[in-house]
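Structure record follows, encoded as structure tokens.
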Amino acid sequence: MKLRRAALIAALAASTALVAACNPTLRTHGYRYTDGEIPEFTPGEDTQATVLSTLGNPSTRGMFDDNTWYYISATREYLAYLRPDTRERRVIAIRFDEDGVISAVDEYGLEDGRVVAFVDRETPTRGRELTLLEQLLGNVGRLPGEQFGGEQNLPGGAGGPRPDGN
């Protein structure tokens, strides 16, 4: 009877662990907004100082235009061994003029994103690829550089330029 009860408890514990492992985990990355908070800035009035005091440092700045600040937040769902799925994304792009005053504020969501198709072709290189055996046995039978009057451990090999100019 005790053995049966222990087996039942072990089975119950194992099934509880399996169910808990299938529970999704949500992780938020980037700037975290409080519920219902929508940062509002007035172009022509607010400056970089007011944006910094409200939102803090930007997630990133423009690659070619340092006067654009991006605040990025994303919520991803992780489920066991599966690839994480992005549930929500919010990007606020704030553009400033030369004086540091806001000229435009744009907001982008997950629906504004684009899938980028990477090309998986490889660029061919010069020469030929050596097999493992050719790499291991490549120097077998070659004459050492000393036999040609050169010094060893010179950059570019024994026949390369010498530091003394000879």
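Of note:
- When residues of segment 72-99 are limited to those that are among the hydroxyl-bearing types (Ser, Thr, Tyr) and closer than 16 Å to GLY113 by Cβ, the one surrounded by the fewest Cβ atoms within 10 Å (Cβ to Cβ): THR86
- Residues that are part of a loop (DSSP other than H, G, I, E, B), under 28 Å from the mean Cα position of the chain (by Cα) and small (Gly, Ala, Ser), drawn from segment 38-74: GLY56, SER59, GLY62
- Within segment 101-116, residues that are outside any strand (DSSP E or B) sit with their Cβ atoms under 6 Å from residues that are not small (Gly, Ala, Ser), at 6+ positions apart or across chains, in these pairs: LEU110/ARG89.
- Restricting ASP35, ASP66 to residues that are loosely packed, with under 10 Cβ neighbours inside 10 Å and at pLDDT 80 or above narrows the list to ASP66.
The values are calculated or read from the model by the stated rules, or taken from the named source; none is laboratory data. The structure presented is a predicted model; accordingly, all values stated were derived computationally and were not measured. When we count neighbours, we look across all protein chains shown, and the Cβ atoms used for this are built from the backbone with ideal geometry, even at glycine.
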